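The values are calculated or read from the model by the stated rules, or taken from the named source; none is laboratory data. Please read all numbers here as calculations on a predicted model, not as lab measurements. When we count neighbours, we look across all protein chains shown, and the Cβ atoms used for this are built from the backbone with ideal geometry, even at glycine.
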Amino acid sequence: MKCFVTGGSGFIGSNLVHQLLARKHTVRVLLRPGSNSRGLPESGFERVTGDLSNRDLLKEAMDGCEWCFHVAASYHLWLRDYRPMYAANVEGTRNVIEAAAAAGCTRIVYTSTVGCIGLPVPVKGQITPSDESTLVSEAQMTNPYKQSKWQAEQVAFERARAGLPVIIVNPTAPVGPRDVKPTPTGKVIVDFLNRAMPAYLDTGLNWVHVQDVAIGHILAAQEGCVGERYILGHAEGNWTLRQAFAVLEEVTGVRAPRFRIPYFVALGAAHLNEALSRVTHRPPKAPLAGVRMARHKMYFSPAKAIRELGLPQTPPRQALADAAEWFRKNGYVK
């Protein structure tokens, strides 16, 4: 297949490009001027310079492509001005989907987030992971990033209902190689390796290997149903941060933090951080949005993707080990 990928310089996007090339697909990647393409292969794919705002360029760039993977997104938990993020995430998604349809793509895979799926509600201390059917509303989108992704996902659903071949995937918390920036989750691992994580919050994520997430995108194009969404995660990956740190200690030899920060202390520190950022114009070390999200254990079930797509299930322990090894080999550890 001839494939078009947005967000190819990002964590998921670069791994997707590697997986597409490994399967002998032809790949064309949209890259903004000056993008850090360190995670991409040195050759084997076609580069297109541009951005999500230019629908005519997008349509021209997708000419002849059969599959479109819209992975690009603006992911920030704190900005002085959130309007560019909404423009990229919402209008950018509309532009890509419309251009892909006009170019004749037979499958358009949109990368959303589990942040658009309802959080699990503990019952008598037990947490049942959420799935694609868990009820949620825009009122539950508690920060601009989640709000912008929610609105973008509604665009994708709307265009699917209008007959366009759109399939939605919702990755959980991917970890692994090529996390160049790194992502907020990857930064947790980098800080751990650099012994800059003296304590932890009582939170939890669904940890999944980024390779499985990338393959899940391809499987969605091959096997997914138009108008459906699929959680790309690991069935055994619902771990607290403390559990993840314990595994990292085992695989790296770095001692895990033993002290748990009370939520109210972290929240107070985040308020102070953001107040300081308004003066310095520098991003806070602990954004309020991140601390508020950490109040919940974000556990999800990928059963639908496993059942309908054949989503691979690399053990989360291997995902963490691969992430730590890549960060060490690529100069992120002091």
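Annotations for the structure displayed:
- Filter pass, residue 119 being among the aliphatic types (A, V, I, L, M), assigned to a loop (DSSP other than H, G, I, E, B) and closer than 17 Å to residue 203 by Cα: yes
- Boolean, residue 170 is farther than 17 Å from residue 9 by Cα, polar (S, T, N, Q) and surrounded by 20 or more Cβ atoms within 10 Å (Cβ to Cβ): yes
- Hey, residue 47 of a type outside the set (Ser, Thr, Tyr), in a strand (DSSP E or B) and surrounded by fewer than 17 Cβ atoms within 10 Å (Cβ to Cβ) or not: yes
- Selection count, segment 148-176, where residues are farther than 19 Å from residue 130 by Cα and touching a residue at least 40 places away in the same chain (Cβ under 8 Å): 15
- Residue 125 being over 19 Å from the mean Cα position of the chain (by Cα), modelled with pLDDT of 90 or more, surrounded by fewer than 17 Cβ atoms within 10 Å (Cβ to Cβ) and at positive phi: no
- Answer residue from segment 145-167, given it is of a type in the set (Lys, Arg) and crowded, with 20+ Cβ neighbours inside 10 Å and is nearest to residue 90 (Cα to Cα) among those: 149
- Taken over segment 15-44, the residue count meeting the criterion of being free of Cβ contacts under 8 Å to residues at least 24 places away in the same chain and either among the small types (Gly, Ala, Ser) or part of a loop (DSSP other than H, G, I, E, B) (or both) is 8.
- Selection from segment 1-44 of residues that are more than 15 Å from residue 177 (Cβ to Cβ), charged (D, E, K, R) and either modelled with pLDDT under 95 or in contact with a Pro (Cβ under 8 Å, 6 or more places away or on another chain) (or both): 32, 42
- Test result for residue 216, under 17 Å from residue 111 (Cα atoms) and not in a helix (DSSP H, G or I): no
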